[in-house]
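Rule-based calculations on the coordinates, nothing more; no lab input. Only a predicted model underlies this, so the values are computations on that prediction, with no experimental measurement involved. No Cβ is skipped: glycine too gets one built from the backbone with ideal geometry, and neighbour counts run over all protein chains shown.
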Amino acid sequence: MKARHPDIPWRQVSGSGNTYRHDYEEVAHRLVWGTVHEFLPALRAMAEIELTEDR
């Protein structure tokens, strides 16, 4: 999946996930806001492609 969607910043996505899971006391509202508005649209589009294409 990563190879099919190289435009997704996978390292940043996984890094933010680690922060949300393990350092949630340190998560600033601006980090959540930025993630939702910067990464989520591209991730949603990628997920829709993956779910609709035959593999």
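Details
- In the chain, a dipole from Cβ-located charges (positive for Lys and Arg, negative for Asp and Glu) runs towards its positive end, and of HIS5, ALA28, PRO41 it is HIS5 whose Cα lies farthest in that direction.
- Taken about its Cα centre, the chain carries a charge dipole of roughly 100 debye when the Cβ of each Lys and Arg holds +1 and the Cβ of each Asp and Glu holds -1.
- Rounded to whole Å, sorted largest first: equivalent-ellipsoid semi-axes of the chain, Cα gyration tensor: 25, 12, 9
- The long axis of helix 29-38 is offset from the longest Cα principal axis of the chain by roughly 10 degrees.
- Helix 10-22 and the longest principal axis of the C-alpha atoms of the chain enclose an angle of approximately 40°.
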